[in-house]
Every structure is written in structure tokens, then in C-alpha cells.
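The structure appears below as C-alpha cells.
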Amino acid sequence: AMSARAVSRAAGRLVAASVEVAWTNQRTYLFTRWSVGFHTAAETIAKTTQNVGASSVFLRTRSTVHPLNTSSPLRHFAAAATVSDGIDPLARNIGISAHIDSGKTTLTERILFYTGRISEIHEVRGRDGVGAKMDSMELEREKGITIQSAATYCKWKDSNVNIIDTPGHVDFTIEVERALRVLDGAVLVLCSVGGVQSQSITVDRQMRRYQVPRLCFINKCDRTGADPFRVLQQVRDKLKLNAAAVHYPIGLEDQHDGVVCLVTHKAVTFSGKSGEIITIGDVPEHLRDQVAKKRKELVEAVSEVDDTLGEFFLREETPEVEDLRAAIRRATIARTFSPVFMGSAFKNRGVQLLLDGVVDYLPAPHEVENVALDLDNDEASVTLTTDPKAPLVGLAFKLEEGRFGQLTYLRIYQGTIKKGSTIVNTSTGKKLKVPRLVRMHSDEMEDVTEAKAGEIVALFGVDCKSGDTFAEPGLNVAMTSMRVPEPVMSLAVSPKSRAESANFSKALSRFQREDPTFKVKLDEESGQTIISGMGELHLDIYVERMRREYACEVDVGEPRVNYRECITQKASFDYLHKKQSGGSGQYGRVVGYVEPLTEDEVVELTKASAGKDTTNNNVIFENGIIGNAISPGYILACDKGFKEASQTGGLIGHPVENMRVVLTDGASHAVDSSEMAFKLAALSAFRQVYEKAKPKILEPVMRVEITVPSEFQGTVIGNVNRRKGTILDSNAEGDDVVVQCIVPLKNMFGYSTELRSMTQGKGEFTMEYSSHQPVTQDVQAELTAEYGKTRKQAE
């Protein structure tokens, strides 16, 4: 039998001559969005040798039809691996992620158009008022930003592609987090002018966390000041990726017409109203030297991480197109290389080639190893298979309130889910029947009867929370959860009238189920309802959604910052809790000390708690008692007491973090001691020792990136200094200046309005949580005094 590579080469030789003639005679092809299968000689050989061959696609012209071989610039299908029956080797699950305003939604709109999912292109802020397909929420279309991740699916040539378009704003980072948790590959979109920005770095960090292979697409090559190779260098320097261009732009700014594919060494230009007419030709004379240089760079970068291509490089041989393509695919899936595509989604340049890249270089579901935890075997790791006949395992990664009730987005990792079948929520143990199964296309849905491993579908009428695992009855496993960042900002909210209380409660309950970063609690002292989230915009959106979706007018209080408290030195405690009131009393004595954790311990604990929704704020309890001065049954009560006390610090009532409590001695009474007595003893001991440990208040500090025209640089930096910020870096990028700084969150409220007025509406900024840092002594005194007044008023 012939090898797969031999098959591919034989097929290439059989049709290469006819394809070359077709290119010579007719170089302009009208690129249809509907592809037609065609059995080539490659498939005949493949069937004979029981190996996988190559298929072809028709590209139509007005008068003739030419089969286009896999070695052509527009046909980049990866070799299909041997998989279980029913699993599509050409299926792809991808996410599109980027910094805000990099063109993610615009790119997704073009993808949907070229794959035939929509018949007309609409812009994010288009004059027609329709808005992009994936921005289905009214608020998204008004503000011109993506708020919720939206799922869709489409067919590109022979490949079924599931796509999730994610928000770019850091306030909605959980949407990116949970999308990447369930996807097999991603496209990182970068602006050819803005380059690698703050949220680009955050998204890259999330891709690494979930080990997602990615392609990079440098968008907006038509913009004034576009410099894609400067952005490529930033990808290498800032993101530390082994990256190289697979495209070379034909012209930039208003001269941008297309790209040269460095893999196939062919020039591809785009024309027509929607970029649907593709012209394939030779590399323009004036670009040949640069193209040769960049192709050599590409081969070198891939050779460093791929042994097969490295052999070509060492022998100083030029690799064949298929050899290079296969090497890029292997390295991309292994996450040792990231191919960089170029184009302009808005001007309809390069999107079809990016789709070919998605199919060529990103993995199919069966090529990604997914692991579950066996709940019946001490959470031992279990490798899942994409066999559709295996027992079902799926993860509910996103909830949404639809017109017909709660909509649960489900990624199937193993087995098959069918309408009417019985499944189990392994988090709660509840059994349920699948009432309705749909595929999502933004806010539209299409009913399906079943979905196999690797697919993304949605269920109706299922009571669950984000992160729950569903399995077949008898299989008790759980998928690992996603990381949920802690909220950084809070607001006090209340309904304007008593009549709206029911809708107010419904809205808060729904939003909490949908968004793990949105938290609601009742302040026991003030009786206020406090909502917490990832930033000002995040909470503003939810308040606005209450008004629109629930007709509930809301009174919003002053923004509250989520402070923390910590101790700065070791201090000892010795507390006796004794109460006698007739009958058995209460008796418990605890002796020990508290001390701050070291920086290394904090780092280790933070790593260990990644992906877990923890509430103990790195408070460690240790039992250092030698002997049985306190009965072992009461030690757990002491642990609970200290951790409960640490939730309310003595300075301003905020949680205490990064502290160790060590119990060294104590005493108990044969009759009067109880768990409650020792819990109360621990609570009081903590309050007694807290002042002696010299506590400090910590405030959330944000990493802020401000982009403004260079003439406003001095004004903006002066304003940052007045807000007690620290300038980290300031770089000129074309006519703009990018200022990076860290600023306390409480000093950032209302900054967007002030920045607009300072820069005539030309400035923009993004911010993300950096860390909690100690406040100055004067701020601490002010906050403590304010807290004391509030407590007196409450009493």
C-alpha cells in the first residue's frame, strides 16, 4: 500500500499539468460560496490503497469550470486522520478573540457571508441600522460592542465549522474564558495599527491556560499607518510566540488589494462588491525579493519545531507545498508555532484564505485530548474518546434566557446526545430527559434530533448552572471547571418601587446563573442589595438590561470598591470563651498565633486555586497542638470559626487575605465544651488578636492602557498622576501614543467621560485587574473613620 504522502504526491502529478494550464488561460475566478465535490485521481488512488486521498473543489467562471487541486492557493485541506465512524475529520470548533475594536464581529460577518449562512453583509455600526448578525442584543447594536459570546455554525467547502464570536472588552472576560474552555482552536485577531494591546495579552493568556492552538489574523491592513510586520514582531516579543507570516500583503492602507500566499507562492487579489471575485496569479515582480525572504523566514520558524521539515532545511532543499502545509499543521496543533494571516475584513480581503487556514491548520475534535475526572475513583483522570458510540459526556459552558426558557449551551466531548434521551447532571445527580435540541445561529435556532462528539448544541428546559457536566446514567464523571476571576467593583441597587421587586429578584437570579462573575449579596448592616462585577461597564450593562428586559427601574448607589485587608506581622492570641446560664454551658479555650503568608506561598496558593471558585481568600488554618489539649472533634469548629471571622476584617469590614492561623494549645471541658463553643472562641480570638497584627487595607489596582493622539500626551499623563497612578511605559505608534500605567480602581470611576473631554473624543482606554496593593496611611485613616460612622448609624 502507498503511504498517505505518496498518494498526495501522485495525485499532485496527475492533475498539476491541467491545473497549471487552467491558471495560465483563465486567472480570474468568481468564487462561489457553495462548493461541489469532485472525485479526482487522488481519490481513486486513495480508495485502491485504502488510504485517505485529496478531494477537489470547483471554482466557477462564467464559461468554464475547472477542478482545483489541493496544491492550489485556495484549497488547503489537511490530511484526514483515521477516526471513529460518524466523526467528521474536517469539523472545526473555533473561537474568534481579540482586543476591543480589532474587528472580530466584522470578520465573523464576512465568514458567515462567504459560507452562505447570510445573504447580505451588515456592519457593526452600519448606516442601515441592521447591525452585524452576531450582535443580536439590542444593547450590542446600540453601543457597537459585543457583550455576550454568540455561537453559530457554517460549512466551508467540506468542513463543518462551529464559531463562537467573543467580546473584546475586559469587563466581559468570562465570555472569552468559557468559550476557550470548550473550543479546539482559536483565531487571535490583531489590528495592523494598534498591534498587540492589553486585551490581546489577556486573551493569549487564556488560550495558553486551556492549551488552545491558535492562528493570528492581522486585520485592518487597509487602515492608515498599517504595519503588519511590526505587529508580527510584537507577537514574538510580547506574546512570546514562535510566529511567522504565511501571507505577504499586496499593498497597504488604501492600496491593499490582496496577499501573496507564502506557502503556495501565489498572489491572490480580491475584487467585486463583497470581495467574492478572487484572482490568482504569479507574485508581482516588485515583491519577489521580499516574498522569497519572508518564505525563508517561515520555513526556518517551522523547521525549528518540526523535525520532518527540519530535514529539508538542513539539506538546503525547498519543501513541496504539501510538505510545508503539513509541517505548519503539526506545529500549530502542538502549539509550538502560530501562523500569521493578513487582510482586511471590512474591505473583504483575505477572509476566504483565513477560512482555508482554519481547516488546514487547526485541529479536528478527535485530534484534541480531553480529560474528565472520575468522581467514583477519587477524581482520577479519565481520557475521553470522540467515539459517538461511547457513553455521553458533555459540558454546559454557557446559560442564556431565551424566548422559551433557559437555553443551555453544551459541548459534546464523548458519545451522542439525542432528543428524548435520558441524561444525568453529575453535579447534582438529577436525571432529566432532553426535551429539545437545537443548533444556534446567533439568536436564531435550528432543531436537530441528535449531536455527536465534537459538536456544540443547546438544550431547552434544563435546570443547571454554568460548568455542570452531563453524562449517560451510570457514568459519574466531571469535566474540569473554568477559571472564574473575582469581581473588582460593586454597586448598591434597589428597585424604585415595591411593585417592581418581583422582577428585580427575577433579573438578579437570572443574571447570576448566566454570568459566574456577576455576584449578588445582601449587606447585613445596611440592608442594601450589592451587585459585584468586573468593572463599571459590566455593571452598567446589567442595570440597563433590568430596565429593558424586565421593565424594572433601578436606583443605583455610589460605586463600591472591593477592598481587602491583611495583617503585616505575627501576633499571639489566648482566648477563653466561658458562658454559664444553668444546665450545660459553653467552654472553649484557644491559644496560638496569626502571621502573614510569604510572597512565594501566596503565588503557590493562587496557582492551586486557579479554576476554583474559592472564598477563603488564602487563609490557612494549621493545627499545631501536640497531644489532645483540644479534642480532635473540635478542631474543625476552630477552623470554621477563624475562616468565618476572616470574612469581616476589623478595619473596614472587608475580607482578610493571605494569613496563616496556627493553633498551638487550648483547653476543653468534659461537659460544657461543644463545637459551637470552640467556633465562638475562634471568632473572638481573631477579633482580639487582629489589632496586634498591625492590619492594612488593600485596594484593587488596575492595569490601564490609554491610546490618544500624541498632542494630548502631556494632558493625559498629568491626569493619570492626579489620579495617583504610576506610569509604566509610553510608546509612540504612528500618530498615537500608548500610555501604560497602574491606577487604583476607586480613582478610575468616571474616567471614560473625562478622557473623551480631554481628547476631543479621540482617546480610548482599556483596563484590567492587576492586583490588590496597600493603601497609603491617610487613605486608610479616612476609610476606617468612614466605616466607623456607617456602623454607628446602623446601630
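Residue 770 sits among other residues whose Cβ lies under 12 Å from its own Cβ, and their net charge, with Lys and Arg +1 and Asp and Glu -1, is -2.
Close amide-amide hydrogen proximity is noted between residue 453 and 415, each under 5 Å apart and 5 or more residues distant or on a separate chain (H modeled in the peptide plane; Pro and chain starts excluded). For segment 464-583, the square roots a ≥ b ≥ c of the C-alpha gyration tensor eigenvalues yield an a/c of 1.5 or more together with a/b not exceeding b/c, which makes the shape oblate.
The HN-Hα couplings worked out from phi for segment 661-673 by the Karplus form 6.51 cos²θ - 1.76 cosθ + 1.60 (θ = phi - 60°) are 10, 10, 8, 10, 7, x, 8, 9, 10, 4, 9, 7, 6 Hz, whole numbers, x standing for Gly and Pro. Modelled label positions at residue 430 and residue 376, each set 7 Å beyond Cα in the direction of Cβ, lie 2.3 nm from each other. Here the extension length gained between residue 463 and residue 576 equals 36.0 nm, from 0.36 nm per residue of separation less the Cα-Cα distance.
Extending 7 Å from the Cα toward the beta-carbon at both residue 728 and residue 505 defines two label points whose distance is 4.4 nm. Taken over segment 280-349, the alpha-carbon convex hull comes to 117 cubic angstrom per residue. Can you give the log10 of the normalised intensity I(q)/I(0) at q = 0.21 Å⁻¹, computed with Debye over equal Cα scatterers of segment 284-398? Each listed q corresponds, in turn, to -1.21.
Rounded to the nearest 0.05, what FRET efficiency do residue 635 and residue 293 give with R0 = 56 Å and r taken as the Cβ-Cβ distance? Could you check? About 0.20, to the nearest 0.05. Using only alpha carbons, segment 650-690 has a radius of gyration to Kirkwood radius ratio (Rg to Rh) of 1.04. Accessible area per residue for segment 264-312 is 50 Å², calculated with a 1.4 Å probe on protein heavy atoms, without ligands, DNA or RNA. Percent of C-alpha pairs per 5 Å bin in segment 220-305, short distances first: 3, 13, 21, 23, 20, 12, 6, 1, 0. When the square roots of the Cα gyration tensor eigenvalues are ordered a ≥ b ≥ c, the ratio a/c for segment 713-791 is 1.5 or more and a/b exceeds b/c, which makes its shape prolate. Spin-label pair residue 211-residue 334: with each label point 7 Å from Cα along the Cα-Cβ axis, the two points sit 1.5 nm from one another. May I ask which of 220/294; 389/419; 607/694; 430/519; 398/419; 579/696 have a Cα-Cα span longer than 23 Å here? Flagged as over cut-off: 607/694; 430/519; 579/696. Please state, as a whole number in µm²/s, the translational diffusion coefficient that the Stokes-Einstein equation yields for segment 393-483 at 25 °C and 0.890 mPa s, with Rh defined as the Kirkwood radius across alpha carbon pairs. In µm²/s, the coefficient is 190. Take 192-201, 469-478 and order them by the average number of nearby Cβ atoms within 10 Å per residue, most first; the result is 192-201, 469-478.
Between segment 334-356 and segment 293-314, how many Å separate their Cα centres? Taking the Cα centre of each part, segment 334-356 and segment 293-314 sit 20 Å apart.
Sequentially through segment 408-417, phi angles give Karplus couplings (6.51, -1.76, 1.60; θ = phi - 60°) of 10, 7, 10, 9, 8, 9, 8, x, 9, 9 Hz, Gly and Pro residues having no value and appearing as x.
For residue 338, the residues 5 or more places off, or on other chains, whose built amide H falls under 5 Å of its own are 242, 243, 244.
Sequence-ordered 3J(HN,Hα) estimates for segment 286-302 from the Karplus curve with 6.51, -1.76 and 1.60 and θ = phi - 60° stand at 6, 9, 4, 5, 5, 5, 4, 5, 6, 5, 5, 4, 4, 4, 5, 4, 6 Hz, glycine and proline given as x. Over all pairs of different C-alpha atoms, segment 655-764 has a mean inverse distance whose reciprocal, the Kirkwood radius, equals 18.2 Å.
Amide hydrogen proximity for residue 649: with H placed 1.01 Å from N in the peptide plane, the residues at 5 or more positions away or on another chain lying under 5 Å are 654, 656. For the peptides 336-347, 378-389, the ranking by mean Cβ contacts within 10 Å, running from highest to lowest, is 336-347, 378-389.
Taking a ≥ b ≥ c as the square roots of the eigenvalues of the Cα gyration tensor, segment 340-462 is oblate, since a/c reaches 1.5 or more and a/b is not larger than b/c.
Give the distance, in whole Å, between the Cα centre of segment 711-772 and the Cα centre of segment 201-256. Computed from Cα coordinates, the inter-centre distance equals 25 Å.
The values are calculated or read from the model by the stated rules, or taken from the named source; none is laboratory data. Everything numeric here is computed off the predicted structure, so don't read it as measured data. So basically every Cβ, Gly included, is an ideal-geometry build from the backbone, and we count neighbours across all protein chains shown. SASA here: full protein model, heavy atoms, side chains in, ligands and nucleic acids out. Shrake-Rupley method; radii C 1.70, N 1.55, O 1.52, S 1.80 Å.
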